[in-house]
Amino acid sequence: MLLALLLLAAAIDGAAGDGALVVVTHPGVAASAAQGRNLADVFRRKLLVDARGNRLVPVNLPGRDPLRRAFSSAVLGRQPEDMESYWNERYFHGISPPPVVASVEAVLRFVAATPGAVGYVPACAVDGRVVVAAELEVGNLPAVSCARRSVEP
Amino acid sequence: MLGTFVTAAPAQQAGYQLGRGYRIESLDLTFAGYSSARLYEREGRPARFDLRDLSLFTIWSPSARWTVFSEIEAEDVFTIDQRGVNASDTEFVVERLYADYAVDGRLSLRAGRYLTPFGRWNQLHADPLVWTVTRPLVTSLAIPDHGSGVMAYGSLPLGRDTLDYSVYLDDSAALDPVDAEASFEEFDLGGLSNSFDQAAGAQLRYRLLDERAELALSWASFSIDGQRGHQHAIGADGIVHWAGFELSSELVYRVNTRDGTRDDWGGFVQAVAPLRGALFGVSRVEFYSSGLLGDDAGRFSAGFAWRPHRALVFKLEYHDGSNARILPDGWELSCGVLF
């Protein structure tokens, strides 16, 4: 009976973890760059270097990905399609929007391989390749399976 | 079965993408730009077509802190009017050429030739970025559109809002060998210069509502090539975007210290409304009273803008003005593309 209760508690805890979105960084990125208000400025590409002078490289999921939309709404207050004029204006001044990769696994690979990279993934997808810098309060986070998903080439 | 294929290659980074340029990732080098063509007919003048702008940006970041930016523009690449095709008036202009150094995340230093941070329009004047073919007079006449010198700028967080700042010192007379040749791009105002000799200025821009709105104050104290005396200008501008609608305005007051010359002042208010899909209706009223010209001019403009792609815009507009010499009546059609 005790064992069953422990297993149930672990399952509930795991389910809560599955629903959280976390900010992940390449090792070496100053944690403060990916926390609080700085995170929005990293993804707006207003904060281009961290406190140590290292370049910051935000990476996004595609605009229609539910995780991207949840992140964009929570952190930037706008959906990706609402920011096109913003990015056109930034582009005129030589600043391009964050690169986009196709999947959560691709985010993890990009962040692991790119100095200064900052991304976001479901908490349950995190592994030792990246550093968790923050957990996000995201309302209506879509159900996420942390099984590594096949992605069409 | 676990996934067998995932890609870590950034889908929107390397290579070419319309409106985002051509990027060579290994060199941290981007080539980009914009172009615009215009067909117009103004009061008392024959219709004319011109390829007005062809600008090439080169953006290179040799290290985390350093970025070099250049914009080389070919102006008046060719025109077609009742006399035929004319491609002999093409001019190549260094619109912008500067190096940026990021001191930290909130402060950067710039040295070189840059767009004067006064008002909003001047810093985003490219045809694909604005809603109208023509530029409000107040954004051109009140203060030269370029400077050459040094600038400090950055963004400071204020809760969810942001305060952008820029402070600059200009010595165009010494630093910019072609500065004295600068003219007004849209207006034929013989005798007036569009060049600083020396200037100092600052701008504070408050961004709120998750960057859906901006309020800004600009100040500049400057001398102008070929004009005696020192001028001072203050400006205020604002913009709000919501659900496809946009309302914007700029106001400027310029104190002319030359004896006998009254001050310049003016402004505009512009509204944009979504009509259907990517089609928008645009209207603007503007007024400018110029002591230097000894004249006043007002104009109402109305038209449409169609944006079938984020990098492409077609515009049609009609003007009805009060001063044919400065702001003639007429209609204009344009196509602008960021490439």
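The values are calculated or read from the model by the stated rules, or taken from the named source; none is laboratory data. For clarity, every value in this text was computed on a predicted model and none was experimentally measured. Cβ coordinates were reconstructed from backbone atoms using ideal geometry, including for glycine residues, and neighbour counts include every protein chain displayed.
Assorted remarks:
- Scanning the range B:66-80 for residues that are at pLDDT 95 or above and either part of a loop (DSSP other than H, G, I, E, B) or more than 14 Å from chain A (Cβ to nearest Cβ) (or both) turns up nothing.
- Count of residues meeting criterion [over 18 Å from residue A:73 (Cβ atoms) and within 7 Å of another protein chain (Cβ to nearest Cβ)] in the range A:34-55: 9
- Test: residue in the range B:5-12 that is outside any strand (DSSP E or B), under 23 Å from residue B:126 (Cβ atoms) and at pLDDT below 90: yes
- Filter result (within 18 Å of the chain's Cα centre (by Cα) and closer than 15 Å to residue B:136 by Cα) within the range B:240-256: B:247, B:248, B:249, B:250, B:251, B:252
- Listed by position, the strands (runs of 3 or more DSSP E) enclosed by the range B:81-151 that each have at least 3 residues that are more than 17 Å from residue B:216 (Cβ to Cβ) and more than 14 Å from chain A (Cβ to nearest Cβ) are B:84-86, B:91-104.
- Test result for residue A:123, in contact (Cβ under 8 Å) with a residue 24 or more places away in the chain, surrounded by fewer than 23 Cβ atoms within 10 Å (Cβ to Cβ), over 24 Å from residue B:243 (Cβ atoms) and more than 11 Å from chain B (Cβ to nearest Cβ): yes
- Applying the condition of being in a helix (DSSP H, G or I) and more than 8 Å from chain B (Cβ to nearest Cβ) to the range A:71-82 and asking which residue is nearest to the chain's Cα centre (by Cα) yields A:71.
- Residues in the range A:126-145 that are within 14 Å of chain B (Cβ to nearest Cβ) and either within 11 Å of the chain's Cα centre (by Cα) or within 17 Å of residue A:59 (Cα to Cα) (or both): A:129, A:130.
- Test: residue A:53 is over 29 Å from residue B:103 (Cβ atoms) and surrounded by fewer than 17 Cβ atoms within 10 Å (Cβ to Cβ): no
- Here residue A:22 fulfils each of the conditions (1) surrounded by fewer than 17 Cβ atoms within 10 Å (Cβ to Cβ); (2) more than 10 Å from chain B (Cβ to nearest Cβ); (3) not basic (Lys, Arg) apart from (1).
- You will find that of A:52, A:45, the residue that is assigned to a loop (DSSP other than H, G, I, E, B), within 18 Å of residue B:28 (Cβ to Cβ) and free of Cβ contacts under 8 Å to residues at least 60 places away in the same chain is A:45 and no other.
- Filtered residues of the range A:85-119 (kept if more than 7 Å from every other protein chain (Cβ to nearest Cβ), part of a helix (DSSP H, G or I) and either of a type in the set (Asp, Glu) or under 17 Å from residue A:34 (Cα atoms) (or both)): A:107, A:108, A:111, A:112
- Restricting attention to the range B:212-254, the residues that are within 14 Å of another protein chain (Cβ to nearest Cβ) and in a loop (DSSP other than H, G, I, E, B) add up to 3.
- Residue check for residue A:62: closer than 28 Å to residue B:32 by Cβ, surrounded by fewer than 16 Cβ atoms within 10 Å (Cβ to Cβ), touching a residue at least 40 places away in the same chain (Cβ under 8 Å) and touching a His at 6+ places or on another chain (Cβ under 7 Å): no
- Which numbered condition residue A:68 misses (of (1) more than 7 Å from chain B (Cβ to nearest Cβ); (2) free of Cβ contacts under 8 Å to residues at least 12 places away in the same chain; (3) not hydroxyl-bearing (Ser, Thr, Tyr)): (2)
- Filtering the range B:33-63 to residues that are in contact with a Pro (Cβ under 9 Å, 6 or more places away or on another chain) and within 14 Å of another protein chain (Cβ to nearest Cβ) leaves B:34, B:35, B:36.
- Inter-residue pairs, beta-carbon under 6 Å, first free of Cβ contacts under 8 Å to residues at least 24 places away in the same chain and in the range B:146-172, second of a type in the set (D, E, K, R) and not in a strand (DSSP E or B), 6+ apart: B:157/A:37
- Within this structure, residue B:188 fails the test of being in a strand (DSSP E or B), away from chain A (no Cβ under 14 Å) and at pLDDT below 90.
- Scanning the range B:35-54 for residues that are part of a strand (DSSP E or B) and of a type in the set (D, E, K, R), we see that the one that is surrounded by the most Cβ atoms within 10 Å (Cβ to Cβ) is B:53.
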